[in-house]
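Quick note: the coordinates plus some simple rules give every number you see, no bench work behind them. Note that the structure is predicted; figures quoted are calculated from it, not measured. Virtual Cβ from ideal backbone geometry, glycine too; neighbours counted across all protein chains shown.
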């Protein structure tokens, strides 16, 4: 009966939507638009549900415990399956007459079709990435997933954790096979990636039960901590821990030993060439990467020039702060002062790290009280601050955000990397907290997940220029309501924006202009006050994530441009809270669709007068 119903729904949908490519659009009544939009949204939700059902890891991220002991499919065959599915979806979408849709559903259609077409177009470049890299490599992300996502609230949850430990061996076999296919296609990471990833991989199989060490390994420690909180007899806890230890020794250790062996072998064939220009069709791939992350048609040259102009502008603004604090010397001298003076850093000790986290939480709480001045819509989910876990802090980024579970079982998390306290100056604490926490990623991503007005797929869509553009914009707007009172903290805000501006220059320099890794590091050292370790990490991030870092300034610039245009056109009718609602209450958007939404809001406001 269920299959017959599905067949009826499909036939009804196809009949309702005239083929836009073969027929002229007709005029539809409001009732017809409601019906057609409702049917298309049912299709979107059904397809999204398919993706959730295919991904045990996504289910866990959403707070669900279905398929709790399983991993996603990491085999190379999944690419072809996903391509076929995308083609089927595109065939369906081509039959939709968009004139029959209401405004919200029309936006959903544009986003969904763009994502499907991108997936099809990107298939030729499916091997043009590094699955094992120092930023977000599977070797570290899979253990982090278990530690941060897999809750243990019962014995079945613990058994599911053990099942995932066992399943890591098959997952790693598939990942290694994918690495071999990449090498056959001319895709090998540069030399430095191997040192970082091998070190992290070896760390995962150190300690109990892999050796006679007194310290437990990261995964065993996590499992024991979670199981110890269960209300169970001690002998049952001991039995579960023993099963986990067996899975770690019998499956996790061989998995990582095979990965380490493969990486050590491949390292011998790696070179120091950093940019994707070295790949077959490298130039075409980089242009596509820029298009995907910025959702614009900006060329590498245009992005590079924009970066250079922003670096010059921000240097000028920093000069004014130098005057304000009475510093005598050059901008480079000031950078050195900010980089080395001990007043700007917490001690590199447990006490210093604890003080940093306490201050970061205080900054978040201060901003919470001011949010009504900027926003009408607030997220229900809370945000917490944590240090990056020791097993991955050496190679992980400076700071990042993890979304809350959609069911409310897990808050949003702002992670601060306290591995090198000299890379985490006090004067950057405000801008970092605003970007990763509130009003930045937490506001944008948590609100998106909690929306009732858009289909499920849009709650999880991710357009980097929008998300990171909002994050960088969120560093700026607190200044407009009285934050950054300390001039050094305001310097930190400018330093953060300068950092993102340099990214435009260095990313395009490496991948389009054949800069070396060292040339990129030198540019950051000469033009920013950042610690050398940060400069190195950033350049290495550029290398393994081509184009990604250009999204921040491009996105921020577009949001500010749209806001200024709205202010100009609306005058006294402009309300910053309404503007932020327009930006945030549709989920993540390509920048061209965001522009259309803002313009539509401006027109409606003007008509109301």
For Rg and Dmax of the Cα atoms in Å, calculated from these coordinates, the label among (1) 25.2, 81; (2) 25.1, 89; (3) 24.2, 72: (1)
Rounded, prolate or oblate (a/c below 1.5 giving rounded, otherwise prolate when a/b exceeds b/c) for region 320-412 by Cα gyration tensor: oblate
Rounded, prolate or oblate (a/c below 1.5 giving rounded, otherwise prolate when a/b exceeds b/c) for region 138-272 by Cα gyration tensor: prolate
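Sorted by packing (mean other beta-carbon atoms within 10 Å per residue), highest first, where do 155-162, 26-33 land?
Averaged packing, sorted descending, gives the order 155-162, 26-33.
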Nearest-0.05 FRET efficiency for residue 272 and residue 340, computed from C-beta distance (R0 30 Å): 0.50
At q = 0.08 Å⁻¹, base-10 log of I(q)/I(0) for region 284-557 (Debye sum, equal scatterers on each alpha carbon): -0.32
Cβ-Cβ FRET estimate between residue 214 and residue 393, R0 fixed at 22 Å, reported to 0.05: 0.55
Inter-probe distance in nm under a simple model that places probes 7 Å from Cα toward Cβ, at residue 98 and residue 149: 3.3
Rounded to 5, percent antiparallel among DSSP beta bridges of the chain: 40
Residue 422-residue 257 FRET efficiency (beta carbon distance; Förster radius 45 Å; 0.05 resolution): 0.85
Gain in span if fully extended, residue 38 to residue 163, counting 0.36 nm per residue against the direct Cα distance: 41.0 nm
Nitroxide proxy distance, nm - points 7 Å out along Cα→Cβ at residue 121 and residue 604: 2.9
Structure-based [θ]222 nm, the chain - -39500 (n - 2.57) summed over DSSP H runs of at least 4, per residue, nearest 500: -21000 deg cm²/dmol
Separation of alpha-carbon centers, region 143-162 and region 528-573, rounded to whole Å: 36
Gain on full stretching of the segment that runs from residue 513 to residue 202 - 0.36 nm per residue minus C-alpha separation: 108.5 nm
Ordering of 583-590, 96-103 by burial proxy (mean other Cβ atoms within 10 Å per residue, highest first): 583-590, 96-103
Residue exposure sequence - 321, 175 - by fewest surrounding Cβ within 10 Å: 321, 175
Measure of compaction for region 206-346 (Cα Rg per 2.2 N^0.38 Å): 1.85
Order of 553, 320 under a 10 Å beta carbon neighbour criterion, fewest first: 320, 553
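What order, most packed first, do the peptides 428-438, 537-547 have when packing is the mean number of other Cβ atoms within 10 Å of each residue?
428-438, 537-547
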Fully extended contour minus Cα-Cα distance, from residue 73 to residue 228, at 0.36 nm per residue: 52.7 nm
Spacing of the two label points (7 Å from each Cα toward its C-beta) at residue 238 and residue 533, in nm: 4.2
